[in-house]
């Protein structure tokens with residue numbers, strides 16, 4: 001069985017007109033649907049109908065969708081989630097526009113996850129027949145795809161065990177109080193494949209979103225994104241800089257509702273047999289922000 | 001334009017029309033505890049001691065509750081003063097990050 005990727009992030013925004021300006025014109029996402037007060041977007045190199053859903057009213061995360069490789073994976077994950085002690089409900093095709101049957105549950109961290117196998121195939125913006133390298137008329141940053149998210153939870157070890165048992169995720173990096181076997185787990189970076197992380201969990205309040213991230217190619221693209229954020233008066237949290245953890249190059253910034261976004265490039269390839277990188281608190285600043293080597297007060301306190 | 005008096009420091013700052021309290025303070029060379037600057041995280045809440053403010057954007061009720069609006073809590077990154085106001089920082093003090101900006105701002109304060 002396999003969770004292939006985070007298929008969609010569904011978030012609340014306080015002002016839809018401002019949010020559209022940000023996600024369409026600054027980030028360069030393509031709107032695929034507007035219905036029932038929600039706006040659906042895909043990025044240029046994604047083929048499924050949507051990867052970002054905006055809903056007007058409030059701020060923060062509504063839910064994440066996870067796309068699995070086989071339809072049988074849905075049943076398997078349902079069994080494993082129930083065995084873990086989580087209540088699972090079935091969702092029907094169309095409950096989310098252009099998304100098939102699946103399941104929905106609330107994680108031990110109190111985030112809502114949906115698992116599905118079918119999504120309407122829209123196709124990438126370059127197609128599959130003798131495709132060009134990128135679309136000629138990208139808007140703004142022109143991100144190619146959704147990448148990962150970071151959530152907070154009061155019990156990181158529990159979430160790591162849950163995501164291991166139910167999603168077959170494995171950890172690539174961890175922050176813990178010491179190198180001892182019984183050390184307290186402060187944060188963990190998890191994935192199902194060679195992507196360095198699909199979901200990270202940080203100790204903090206339940207049910208909160210730290211950020212969701214879009215993929216970029218390299219330093220040059222990250223720098224160009226930051227330039228565009230200045231042009232569009234996007235509130236930058238930090239960067240361009242590098243994360244010690246994952247080695248990714250990054251800008252953290254906020255959407256017009258205050259949800260934290262990231263553009264993330266690089267990161268080394270993950271393997272299940274690669275020894276896990278362990279960070280301890282005295283070097284946490286370097287782990288998070290490799291150049292400043294200090295955590296700013298916003299990193300752990302600003303959540304939506 | 002308006003004057004913002006900040007307690008407990010009693011610093012008086014000139015803020016341009018349509019400028020938020022937080023934005024005005026930054027232009028005057030000051031900072032305090034700041035989060036997303038977009039009204040989503042609630043980190044920059046201060047107490048509105050005197051005067052009125054208007055919010056330039058809708059604010060989520062989870063970020064600023066009705067009770068907080070009534071008790072004088074002010075989300076400073078989205079609050080635009082309606083005339084002169086006095087605010088009080090909460091468990092925080094104003095930090096001067098740039099004396100030149102402060103001096104330039106002082107020229108507009110009589």
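Laboratory data are not the source of any read-out in this text; all were calculated from the coordinates shown. The structure presented is a predicted model; accordingly, all values stated were derived computationally and were not measured. Note that we place each Cβ from the backbone using ideal geometry, even for glycine, and neighbour counts take in every protein chain shown.
Estimated from helices alone, the mean residue ellipticity of chain B at 222 nm is -4500 deg cm²/dmol (sum of -39500 (n - 2.57) over DSSP H runs with n ≥ 4, per residue). With distances taken between every two different alpha-carbon atoms, the range A:220-304 has a Kirkwood hydrodynamic radius of 13.9 Å.
So for the range A:156-217, what are the equivalent ellipsoid semi-axes in whole Å, largest first, each being the square root of 5 times an eigenvalue of the Cα gyration tensor?
They are 19, 14, 12 Å, listed largest first.
Here the alpha carbons of the range A:82-144 define both size measures, Rg and Dmax, at 17.5, 49 Å. Contact order for the range A:185-304, expressed relative to its length and based on alpha carbon pairs under 8 Å spaced 6+ residues apart, stands at 26 percent. Helix content alone sets the calculated 222 nm mean residue ellipticity of chain A: runs of n ≥ 4 DSSP H residues at -39500 (n - 2.57) each, divided across all residues, give -5000 deg cm²/dmol. Between the alpha-carbon centres of the range A:186-247 and the range A:262-288 there is a gap of 12 Å.
Counting only DSSP beta bridges whose two residues both lie in the range A:3-116, roughly 75 percent are antiparallel. By the equivalent-ellipsoid construction on the alpha carbon gyration tensor, the range A:3-116 comes out with semi-axes of 26, 16, 11 Å, ordered largest to smallest.
Principal axis extents of the Cα atoms in the range A:75-211, from largest to smallest and rounded to whole angstrom, are 53, 34, 24. In this rough spin-label picture, where each label sits 7 Å from Cα along the Cβ direction, the residue A:292-residue B:65 distance is 3.1 nm.
Of all beta bridges that DSSP places with both ends in the protein assembly as shown, some 75 percent have antiparallel geometry. Running Debye on the protein assembly as shown with equal point scatterers at the Cα sites and no solvent, what base-10 log of I(q)/I(0) appears at q = 0.06, 0.07, 0.10, 0.14 Å⁻¹? Log10 of I(q)/I(0), two decimals: -0.26, -0.35, -0.72, -1.30.
In the range A:145-301, the alpha-carbon atoms span a convex hull of 112 Å³ per residue.
The mean number of partner chain beta-carbon atoms within 10 angstrom of a residue's beta-carbon across peptide B:29-38 is 6. DSSP finds beta bridges in the range A:145-301, and of those with both partners inside it, around 70 percent are antiparallel.
Measuring spread by the Cα atoms of the range B:2-106 yields a radius of gyration and Dmax of 12.6, 39 Å.
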